[in-house]
């Protein structure tokens, strides 16, 4: 794991340790689409140091700069000192949010993340809206201008909604007749948009005769709020989830998560967030050993590899994209490949570790031109592999990569590795 500095929230210590070696520059996602030293890791660190010393005011210019980081952690991965540039930016974004406030549409979104019953209602309404048959695309740009909604663009490819969420489609306890049991933390996109991920995971567990607990009271991991600086939502959701996990963790072998961002938030960032709340930091740390990315747990703790090896080989070509929150933060990249390669031909893209360009709520709304630019090379890499399928264990990556491929007219389809594995078990 690359994030191991001694004092990640001491801005002075972090910024003073930067030796300006420049190794971070070539891998920096924002620098590659906005070649300005200010929006580079060492540029961010210089500004953070000036802010900590009282020599920089958090004005709108500084706000725009600090909000341009994709938080991809590529700089942390390559830094000789593993300086946590992303983490100190996350902290300063909280100061920015307190000074300037949070846009109303972000507040509304984060409110939904706190209360899933509201989220259920909102997504049901959204499903009706998307299926009502009205021709709304021509009105999207005018609506964006009228209501100041920069995320609404006529050329955006957004994920479709489902009438019923994954968690609401199944009972909480699923008995598969086995002696083992795991809990599932599905994540918001998997719950409302890409429900086939959860359904596929249940099919795999049924095949393995492992019982499942769907943990229906789970709240959003709060990663979107954390990356935006809404620490009130992070505090509320994180404490709820930790208490909830504690209530059933002794009854399950693991809490498996088919989403890299959610897994990293629950397992790593909760502990970092509670750096100044010792009791909650200890509780977050105590629960993290139960949390696994889905492919990580399936690869290491089941016989799934042997089972898949006995199944038919699919002739389709798969290329794998490494989510930033999987490889860089959790060192998870071999496990999904181990499982997929048993039944599919894997052709690696030229740089599977480069960021897809999702970048969080602010990047997807107010700075989407950066996200779109960062996604262009990833779509080109996928095209070059001539793959039938691109796979990644992250629905944020799925949303971004699908949009990038749409812009570039790349016909490759996206599948979570869990979906591919479930399909292979049926052959």
- Query: Out of (1) modelled with pLDDT of 90 or more; (2) over 30 Å from residue 351 (Cα atoms); (3) in the same structural domain as residue 21 (by TED's automatic domain parsing), the odd one out for residue 111 is which?
  - Reply: (3)
- State all residues of region 167-185 that are assigned to a loop (DSSP other than H, G, I, E, B), out of contact with any strand residue (DSSP E or B) (no Cβ under 8 Å at 6 or more places or on another chain) and at pLDDT 95 or above; if no residue qualifies, say none. 170, 171
- Message: Condition first: in a helix (DSSP H, G or I) and either in contact (Cβ under 8 Å) with a residue 12 or more places away in the chain or within 18 Å of the chain's Cα centre (by Cα) (or both). Now tell me which residues in region 62-87 satisfy that.
- Response: 62, 63, 65, 66, 74, 75, 76, 77, 78, 85, 86, 87
- Query: Does residue 425 fit the bill of being modelled with pLDDT of 95 or more, buried (at least 20 other Cβ atoms within 10 Å of the Cβ) and more than 19 Å from the chain's Cα centre (by Cα)?
  - Reply: no
- Please work out which one of (1) at pLDDT below 95; (2) part of a loop (DSSP other than H, G, I, E, B); (3) under 19 Å from the mean Cα position of the chain (by Cα); (4) crowded, with 19+ Cβ neighbours inside 10 Å is the condition residue 162 fails and give its number. (3)
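The values are calculated or read from the model by the stated rules, or taken from the named source; none is laboratory data. Here the structure is a predicted model, which is why all the values come from computation and not from measurement. Every residue, glycine as well, gets a Cβ built from its backbone with ideal geometry; the counts of neighbours run over all protein chains shown.
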